[in-house]
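Each remark here refers to the structure printed beneath this line.
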Amino acid sequence: MTIKAEVPVAAVRGEPVASAAAQDPEDHSRYRSAGSTSPADLVLPLVAAGGVVVLAGYGYLRRTRRARTRTTPGVVSPQPPVTPLPVLERQAGTALVQADDCLRTSREELAFAEDRFGVDAVEPFAGALREAERELSAAFAIRLRYERGVPAPEEEAARRQALAGIVGRCAEAGRRLDAEAPGFDQLRSLERDMGDALGVAEGRFRELAGRTGAVEATLAELHARHPGPGAPATTVTGYVEQAKDRLVFATTHLNQARQAADSGDTGRAIRDLRAAEGAIGQAGTFLTGVERLADFLARAGQLVPAALTGAEAELARARTAAPSDLASAHATLAAVREELTGATSGSSSGPYTAYDPVGALRRIVRALLPLGAGRDGVLGFAARLVARGDIGAADGFVATHRGAVGVGARTRLAEARRLLDTGTDPAAADVLALEARESAEQDVRTHGNPYAGAADGPTSGVGGAVLGGILLGEDPDGGPPLGFGGPDTRGRRGLPPA
């Protein structure tokens, strides 16, 4: 609109409004004095309104983003799915089993390196192994407390934290072994000194093959002296046959290792050598188990009379014990003495004939525990002897069947070893060792041997090697062998870094 009654003329595009007003000062003054609105006055409100719209839009966008990224009143943000507790428990159990396998395999391969290079050369790796063992021992202790209800089942957050602690300690144990694996491979230098390494393995193989006949005779004598379905010798029944099975497997892989080395296939040679070493180590464990049991029974038989005398003296001094505990202890000692008398009368084969001296010692020690005795003197020595023997037997079984043994048996074995090492409670350590052995045997029965008859026939030893954890069992031929190191270096070829 204009003041003059003239036809309005459209402004030229791009021409400033101020210049148009300057061309007619009179019109401009009348324009202002009449209270009319100039084009500039019209633009300002529009700009302000547009700014309000922009700010409102910006605020809306910010509110929308906040609602998407965090919880605000009235808005529910999507939460990540929570892993069920049973799944976490299985994961923690798997981590414990894998870490325990890595430690056992590392310990076995370290023994071959020590035979070849000496104690001083392998000390850095032995130190890493000890550190990993401490981590794993702590993880097993957490697992046992968890199993016993600590933290309480209703404290789900605390139980989740405990399971995370188990996995974390297992990971740390594996990390320490993995960190030393390249250096260990450098020490062994199998790609350069395959001949020397084969010589060490073949020497141990020949020594074990020579012991087999003597151990077989020892086992037959044990069965004759301690007959019956629950006799001590039943715990090592079949050990000589399993040792022979491992030696058959070792023979095959030692020969293959030499052939591969001669043809320049270093990777294959290392793989076969490691498999042979694992089998040789387990054959030694089987044979040593029989010999250790014979020695264990002999020492226990010699100790039973002194333990009986010591227990009877403790019983005579017990004045404040409950009458029922006293009566039970008297009955146990009388029964053991009667068995001992019957076993030695009319026999020239020794004081431990026809009864179980280890079982007798165990009963004596347990009978005196409610009376507050059995921790010192001859009874304390008897308790430690029995616990040490049963822990060794359980450990040997787990070591040679670890492809099937689960976390329950390993947890109890670890706690038994801890109690014995710390001297806390040898009798409790013995109870846990027996539970570990029973659980491990049940695992093997449940697992069975799916690899029997695999590869090159039923006498190849592959099934036993997989059951014993020597091979991973991932391939038809049993998979790659294990070596020194943690989970990240399992089944490696063993070649040092370039």
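The values are calculated or read from the model by the stated rules, or taken from the named source; none is laboratory data. Keep in mind that this is a model prediction, so the values were computed, not measured. FYI the Cβ positions are ideal-geometry reconstructions off the backbone, even for glycines, and counts take in every protein chain you see. Remember, those area values only see protein heavy atoms, side chains included, never the ligands or the DNA or RNA. Shrake-Rupley method; radii C 1.70, N 1.55, O 1.52, S 1.80 Å.
The condition of being surrounded by 13 or more Cβ atoms within 10 Å (Cβ to Cβ) and either touching a strand residue (DSSP E or B) at 6+ places or on another chain (Cβ under 7 Å) or closer than 23 Å to GLN282 by Cβ (or both) holds for ALA197. Being in contact with a helix residue (DSSP H, G or I) (Cβ under 8 Å, 6 or more places away or on another chain) and either open to solvent by 30 Å² or more (accessible area, probe 1.4 Å) or not in a helix (DSSP H, G or I) (or both) is a description that applies to ALA179.
Picking from residues in segment 104-133 that are of a type in the set (Asp, Glu) and over 13 Å from the mean Cα position of the chain (by Cα), the one that is surrounded by the fewest Cβ atoms within 10 Å (Cβ to Cβ) is ASP120.
The rows are residues; the columns are (1) in contact with an Asp or Glu (Cβ under 9 Å, 6 or more places away or on another chain); (2) surrounded by 24 or more Cβ atoms within 10 Å (Cβ to Cβ).
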position	(1), (2)
ALA260	yes, no
GLY281	yes, yes
LEU297	yes, no
GLY310	no, no
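Out of curiosity, is GLU147 on the phi < 0 side of the Ramachandran plot, under 27 Å from the mean Cα position of the chain (by Cα), in contact (Cβ under 8 Å) with a residue 40 or more places away in the chain and open to solvent by 20 Å² or more (accessible area, probe 1.4 Å)? Against the criterion (on the phi < 0 side of the Ramachandran plot, under 27 Å from the mean Cα position of the chain (by Cα), in contact (Cβ under 8 Å) with a residue 40 or more places away in the chain and open to solvent by 20 Å² or more (accessible area, probe 1.4 Å)), GLU147 qualifies.
If you check LEU190, LEU163, LEU136 for being open to solvent by less than 20 Å² (accessible area, probe 1.4 Å), hydrophobic (A, V, I, L, M, F, W, C) and modelled with pLDDT under 95, only one passes: LEU190.
Screening GLY289 against (1) under 18 Å from VAL398 (Cα atoms); (2) surrounded by fewer than 18 Cβ atoms within 10 Å (Cβ to Cβ); (3) in contact with a helix residue (DSSP H, G or I) (Cβ under 7 Å, 6 or more places away or on another chain); (4) not hydrophobic (A, V, I, L, M, F, W, C) leaves a single unmet condition, (2). Pick from segment 457-487 the residues that are modelled with pLDDT of 90 or more and closer than 22 Å to ALA95 by Cβ: which of them is most open to solvent (accessible area, probe 1.4 Å)? My answer is PRO487. Of the residues screened, HIS401 is not one that is at pLDDT below 95, closer than 24 Å to ALA92 by Cβ and not charged (D, E, K, R). Specify which of the listed residues (GLY389, GLY396) is touching a Gly at 6+ places or on another chain (Cβ under 9 Å) and either modelled with pLDDT of 95 or more or within 12 Å of ALA311 (Cα to Cα) (or both). Matching residue, one of GLY389, GLY396: GLY396. Figure legend. Inter-residue proximity from segment 414-442: first residues over 19 Å from ARG375 (Cβ atoms), second residues of a type in the set (Phe, Trp, Tyr), beta-carbon distance below 8 Å, spacing 6+ or different chains. Indicated pairs: ALA414/PHE140; ARG437/PHE397; ALA440/PHE397; GLU441/PHE397. Here ALA209 qualifies as small (Gly, Ala, Ser), touching a residue at least 12 places away in the same chain (Cβ under 8 Å), closer than 13 Å to ILE280 by Cβ and part of a helix (DSSP H, G or I).
If I filter segment 215-235 for residues that are under 26 Å from GLY199 (Cβ atoms) and open to solvent by less than 40 Å² (accessible area, probe 1.4 Å), do I get at least one hit? Yes, segment 215-235 contains a residue that is under 26 Å from GLY199 (Cβ atoms) and open to solvent by less than 40 Å² (accessible area, probe 1.4 Å). Reported count of residues in segment 318-334, each being in contact (Cβ under 8 Å) with a residue 24 or more places away in the chain and either on the phi > 0 side of the Ramachandran plot or not β-branched (Val, Ile, Thr) (or both), is 8. For segment 241-258, give me each residue that is over 19 Å from GLY203 (Cβ atoms) and open to solvent by less than 60 Å² (accessible area, probe 1.4 Å). If the condition is that a residue be over 19 Å from GLY203 (Cβ atoms) and open to solvent by less than 60 Å² (accessible area, probe 1.4 Å), then GLN242, ASP245 are the ones that fit.
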